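The values are calculated or read from the model by the stated rules, or taken from the named source; none is laboratory data. What you see is a predicted model; the values in this text were computed from it and never measured. Glycine gets a Cβ as well: all are built from the backbone with ideal geometry, and neighbour counts include every protein chain shown.
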There are 2 protein chains.
Amino acid sequence: MSFPKRVFIREVGPREGMQIEPTEVSTDDKIRLINLLSECNFPVIEVTSFVSPKWVPKMADAELVAKNFKRYPGTEYQCVYLNAKGIERALATEKFDLEGVISITASETFSRKNTNKTIDETFKEMDERILALKRYNLSIDTLAVMTAFGCNYEGDIDGDFVIELIRKSLDKAKTHDVNPRQILLGDTVGWANPVLIENLVKKVQKNWPEKTIILHLHDTRGMGIANAYVGLKLGVTHFDSSVGGLGGCPFGGFEGAAGNIATEDLVHMCHELGIETGINLEKLLEVTEEAERILGRELTSKVYRGRSLDSYRQKIYS
Amino acid sequence: MSFPKRVFIREVGPREGMQIEPTEVSTDDKIRLINLLSECNFPVIEVTSFVSPKWVPKMADAELVAKNFKRYPGTEYQCVYLNAKGIERALATEKFDLEGVISITASETFSRKNTNKTIDETFKEMDERILALKRYNLSIDTLAVMTAFGCNYEGDIDGDFVIELIRKSLDKAKTHDVNPRQILLGDTVGWANPVLIENLVKKVQKNWPEKTIILHLHDTRGMGIANAYVGLKLGVTHFDSSVGGLGGCPFGGFEGAAGNIATEDLVHMCHELGIETGINLEKLLEVTEEAERILGRELTSKVYRGRSLDSYRQKIYS
């Protein structure tokens, strides 16, 4: 397959990145970061998490962030919630384009540690989840598979097992007349490599050719951009990433987590390959600068340090 | 084409990395780094440069380094020289497996700035270079093309122009009964992307199927490992890289230079793809630790921070 003409990049830095970063970030800085990101013209920004402040203290200011960030036309603003309470909190702010997501984790141990449920229990509670989403009139667009390529606790994950989990989840959804149009494959802790990406993406494409695949990649071992490249070659059009590779700091003691691929490196590669993203890369690099200031450390984005090739071309060819 | 069974990685950190790094590194630290790298079982290590200390003060201790590093069996030790004087200095140490290299730069401006010669002048002086190498009985194994994918001064470089330069260089060599068996394609300042790699490697393979291609990649804009992956897919067996991505520090004001891809990230990807390197990755990660200590800064290697997947597998499956 050839490259897609256009890809859609969801910026997850304000939510996923901030959740992993060990630095305390003020509510004002979070809001400024989101507003700056909005100026870059992302199709989707994941803003915050409506979860228990007891478990995730970094997201205790979710309401304040939601209230004060500015919505830009053309951008969808998403957030994470785990249960009905989270949905209600998010809805109360009237700031979000709430997406209905059902999730499953391919590693039994990671599932227990991260969600306090076994895989079987997740399936059992999926009915309840779907009913809750329907009760709030959320369109169930996405089935997300976490640790789809491997896990620090269980090691390698078999692609056929992932396909089976997807099939079971879609069957379950079908009993509720629900048919998610998107399948998110999450390399949650950075076990994917280009061959694993190719194998699993092809399997999903073969089984469900009508579904949109979202690749959620982490760059824990330096293969994130290579993995994204293979996805592009296979026609994948949807990617998650975080500005500056935010969340990639492994000093927070957040065992099992690691940074997303850096948005600017992904955007830059797409543009170099002639693939449109709609994102203003030079503006995005200004956001990286601000993110470094906020976090007080060097971020891992390469393009931020090396500058974009287009910035050189503009000097050379003008 | 499928992956090669085995690849050969040349560690260039002690020479190229050290040359770019802004930190002053003591001769003792350089020697310790080389000795530690030798324990990792590299097929080739590039140790130092015999160049004028007036132009490259960081390499003024080349003789001292050469005298005191320990040769390990099974590893070849190479060095850089620019002229007959450099060859004589290198030969005098009796420590090197001297390689005969002829070079050409694909960007006119970079050629002038880096070698003080135009492309035409380089061709004119190539006879002299070849005669000098022959005089010292050096086997002329490699034709190196610098800035083969683009350049900060001239922008994009046309692949067909690179092929023409290679052809002219090989023709010139032929008049001296010399036939380099290797062609090095250097992405000297990080302009390559996976498509450019595919196009140029395929062109070289088509024109000279009998030649060994060496990919010399830099990770200036985050595509280095993706570029290496594409090389592997095309059957490329020889790569240059530097431990920790040494030399990737862009604060040295060394305009036009940027870090090589990190050796451990390349080795790790190869191992994950089932490709042998012969290199002891866990030992290499100890060298990265030492390199960080020596340079007093965080290096950009991802596997060093995220740890190898095999180290996880050993805990999980034992």
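Details
- Scanning segment A:46-60 for residues that are surrounded by 16 or more Cβ atoms within 10 Å (Cβ to Cβ) and not hydrophobic (A, V, I, L, M, F, W, C) yields A:46, A:48, A:49, A:58.
- Odd one out for residue B:32 among (1) among the basic types (Lys, Arg); (2) modelled with pLDDT of 95 or more; (3) touching a helix residue (DSSP H, G or I) at 6+ places or on another chain (Cβ under 6 Å): (3)
- Qualifying residue in segment B:99-121 (condition: under 20 Å from the mean Cα position of the chain (by Cα) and among the aromatic types (Phe, Trp, Tyr)): yes
- Subset of segment B:201-230 [buried (at least 24 other Cβ atoms within 10 Å of the Cβ), assigned to a helix (DSSP H, G or I) and out of contact with any Cys (no Cβ under 9 Å at 6 or more places or on another chain)]: B:224, B:225, B:226, B:227, B:229, B:230
- Residue match in segment B:50-57 (condition: at pLDDT 95 or above and either farther than 14 Å from residue B:242 by Cβ or under 15 Å from the mean Cα position of the chain (by Cα) (or both)): yes
- Filtering segment A:280-315 to residues that are closer than 17 Å to residue B:150 by Cα and surrounded by fewer than 16 Cβ atoms within 10 Å (Cβ to Cβ) leaves A:310, A:311, A:313, A:314, A:315.
- Tally, over segment B:159-211, of residues that are touching a Ser or Thr at 6+ places or on another chain (Cβ under 7 Å) and among the hydroxyl-bearing types (Ser, Thr, Tyr): 1
- Single residue of segment B:233-244 satisfying the filter (away from chain A (no Cβ under 13 Å) and touching a Ser or Thr at 6+ places or on another chain (Cβ under 8 Å)) that is surrounded by the fewest Cβ atoms within 10 Å (Cβ to Cβ): B:235
- Note on segment B:270-296: among residues that are away from chain A (no Cβ under 12 Å) and outside any helix (DSSP H, G or I), the one that is nearest to residue B:246 (Cα to Cα) is B:296.
- Taken over segment A:141-174, the residue count meeting the criterion of being under 17 Å from residue A:212 (Cβ atoms) and within 17 Å of the chain's Cα centre (by Cα) is 6.
- Considering segment B:297-318, and only residues there that are part of a helix (DSSP H, G or I) and among the charged types (D, E, K, R), the residue that is nearest to the other protein chains (Cβ to nearest Cβ) turns out to be B:302.
- The residues listed here are B:195, B:189, B:230; of these, the one that is at pLDDT below 95 and within 14 Å of chain A (Cβ to nearest Cβ) is B:189.
- On the stretch given as segment A:4-24, residues that are at pLDDT 95 or above and either on the phi > 0 side of the Ramachandran plot or hydrophobic (A, V, I, L, M, F, W, C) (or both) total 4.
- Qualifying residues in segment B:128-157 (those that are closer than 19 Å to residue B:189 by Cα and more than 14 Å from every other protein chain (Cβ to nearest Cβ)) - the one surrounded by the most Cβ atoms within 10 Å (Cβ to Cβ): B:148
- Screening B:39, B:24, B:11, B:63 for residues that are buried (at least 23 other Cβ atoms within 10 Å of the Cβ) and in the same structural domain as residue B:278 (by TED's automatic domain parsing) leaves exactly one candidate, B:11.
- Subset tally (residues that are outside any strand (DSSP E or B) and on the phi > 0 side of the Ramachandran plot) for segment A:131-158: 2
- Residue A:105 surrounded by 20 or more Cβ atoms within 10 Å (Cβ to Cβ), at pLDDT 95 or above, closer than 24 Å to residue A:10 by Cα and not hydrophobic (A, V, I, L, M, F, W, C): yes
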